[in-house]
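To start, the structure itself, in structure tokens.
The values are calculated or read from the model by the stated rules, or taken from the named source; none is laboratory data. All of these numbers come straight from a predicted model, not from anything done at the bench. Glycine gets a Cβ as well: all are built from the backbone with ideal geometry, and neighbour counts include every protein chain shown.
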Amino acid sequence: MGLTFNMGARRTMKGAARGSFELPADDLVTHGVVVGMTGSGKTGLVTVLVEEALRNRIPVLLLDVKGDVANLKLAFPSYAADHIAPWVEAARGDEDGIADGALVDEVAGERRKELMAWGITEDDLASYCATTHVRVITPGSDAGEPLHLLSALERRSSRWDHDVIGARATLEAAVSMVLRLMGRDPDPAQSRAHALLTAIAERRLLANLPADLASLLPDIITPPFATIGALDVETYIGLKARGELAADLNTLIASSSLARWRQGQDLDVANGAGRRQDDGDDHQRRASAGRRARARARRGARGSARVDALAAGHEQAARPHRVRRDLRLPARRTRTTHRRSARWSR
Ligand SMILES: Nc1ncnc2c1ncn2[C@@H]1O[C@H](COP(=O)(O)OP(=O)(O)OP(=O)(O)O)[C@@H](O)[C@H]1O
Ligand SMILES: [Mg+2]
């Protein structure tokens with residue numbers, strides 16, 4: 001028998017237990033979609049799917065425009081209260097804004113009880129944490145790990161020596177990104193500017209030269225080759241168009257917003273994705289991040305919604321709500337669980 005994902009409890013509409021819902025992983029080899037009204041449990045379902053995939057050692061790449069699934073980082077290796085302390089919301093009116101020990105213990109006790117009811121032992125938690133590593137990559141921001149989206153241009157990849165097609169694809173993506181930032185057509189199949197910039201950058205990278213944006217400017221005006229495709233450069237993209245492209249690129253170089261796309265890890269899935277970073281003190285860092293986030297929330301900064309999400313996510317990571325997870329959950333029941341989860345962030 002193949003892998004199965006344990007998706008939660010199977011129940012009748014009236015709530016009677018019907019064992020657990022084991023989803024054969026083979027059922028997920030093509031496309032899927034999760035739909036439902038607000039608060040019906042879509043994120044919870046996807047979170048469990050991802051956790052089950054990770055538990056089965058299946059690497060997962062998530063593109064998350066909403067910022068929910070970063071909560072996967074809030075998984076802790078034991079029932080101990082220490083892990084969750086930074087994430088427990090202080091009681092209303094608590095002066096220092098830091099949850100009291102008694103409250104933390106109470107929440108930890110509840111977490112422990114729920115996990116045990118699910119048959120999730122401390123060994124399971126420890127092994128999940130030891131075998132999974134969640135990286136939160138936040139292009140354009142240093143809230144998580146920033147990503148250098150122009151790395152393919154600015155840092156010559158060794159791929160050019162053994163995988164020219166792969167290196168070219170990465171370069172084309174970087175050029176598309178640059179054109180997008182300039183407000184121009186980023187489509188390699190449509191944009192003459194794309195073809196010109198790619199040809200210039202590729203020539204430089206193959207010659208072991210840097211291809212950062214500024215270095216491309218002179219070659220845009222005076223291309224170091226006579227043809228692009230089957231046409232001569234001047235016919236394909238004339239001097240006036242090249243001058244405008246160079247001016248637009250220069251505006252981008254001068255803009256302050258460019259910097260945030262140019263920091264952090266190289267954008268190279270083959271080299272970077274899933275690679276375990278040096279995170280021996282990952283839990284420590286997450287705990288202090290939690291403290292910082294809560295401090296921000298106390299100061300009334302925009303972070304508070306996020307902190308709520310993290311608090312809820314802590315619950316998600318600990319999976320207490322899985323006790324009742326069921327795809328056929330009636331809406332009324334979901335509202336009850338909303339209140340239930342509110343208790344976590346009291
Ligand atoms: N199967 C379930 N059983 C009980 N509670 C659940 C279940 N799934 C999710 N919940 C709880 O219901 C609440 C809302 O769930 P969730 O955030 O997953 O909904 P959503 O459909 O993603 O909402 P939105 O549309 O706002 O993104 C959360 O507090 C979560 O803990
Ligand atoms: Mg959601």
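Structural remarks
- Subset of segment 64-105 [surrounded by fewer than 19 Cβ atoms within 10 Å (Cβ to Cβ) and under 22 Å from the mean Cα position of the chain (by Cα)]: 64, 65, 66, 67, 68, 77
- Residue within segment 221-233 that is among the acidic types (Asp, Glu), surrounded by fewer than 18 Cβ atoms within 10 Å (Cβ to Cβ) and assigned by TED's automatic domain parsing to the domain that holds residue 255 present: yes
- Residue count for segment 197-248 under the criterion of being over 14 Å from residue 153 (Cα atoms) and of a type outside the set (Phe, Trp, Tyr): the result is 29.
- One residue from 94, 142, 163 being charged (D, E, K, R) and in the same structural domain as residue 8 (by TED's automatic domain parsing): 94
- Looking across segment 13-39, the residues that are of a type in the set (S, T, N, Q) and within 14 Å of ligand 1 (Cβ to nearest atom) come down to 20, 38.
- Residue satisfying all of: in segment 22-42; more than 9 Å from ligand 2 (Cβ to nearest atom) and among the charged types (D, E, K, R); surrounded by the most Cβ atoms within 10 Å (Cβ to Cβ) among these: 22
- Matching residues in segment 37-57 - criterion: being free of Cβ contacts under 8 Å to residues at least 40 places away in the same chain and under 20 Å from residue 125 (Cβ atoms): 50
- Candidates 73, 42 - the one that is within 16 Å of ligand 1 (Cβ to nearest atom) and closer than 28 Å to residue 144 by Cα: 42
- Residue in segment 236-244 that is part of a loop (DSSP other than H, G, I, E, B), in contact with a Leu (Cβ under 9 Å, 6 or more places away or on another chain), at pLDDT 80 or above and on the phi > 0 side of the Ramachandran plot present: no
- Tally, over segment 120-160, of residues that are under 24 Å from residue 262 (Cα atoms) and not in a loop (DSSP other than H, G, I, E, B): 10
- Exactly one residue among 45, 61, 49, 3 is within 16 Å of ligand 2 (Cβ to nearest atom) and surrounded by fewer than 17 Cβ atoms within 10 Å (Cβ to Cβ), and that residue is 45.
- Restricting attention to segment 45-62, the residues being more than 18 Å from the chain's Cα centre (by Cα) and within 11 Å of ligand 1 (Cβ to nearest atom) number 0.
- Being of a type in the set (Asp, Glu), more than 21 Å from residue 3 (Cα to Cα) and outside any loop (DSSP other than H, G, I, E, B) holds for only one residue in 82, 26, 96, and it is 82.
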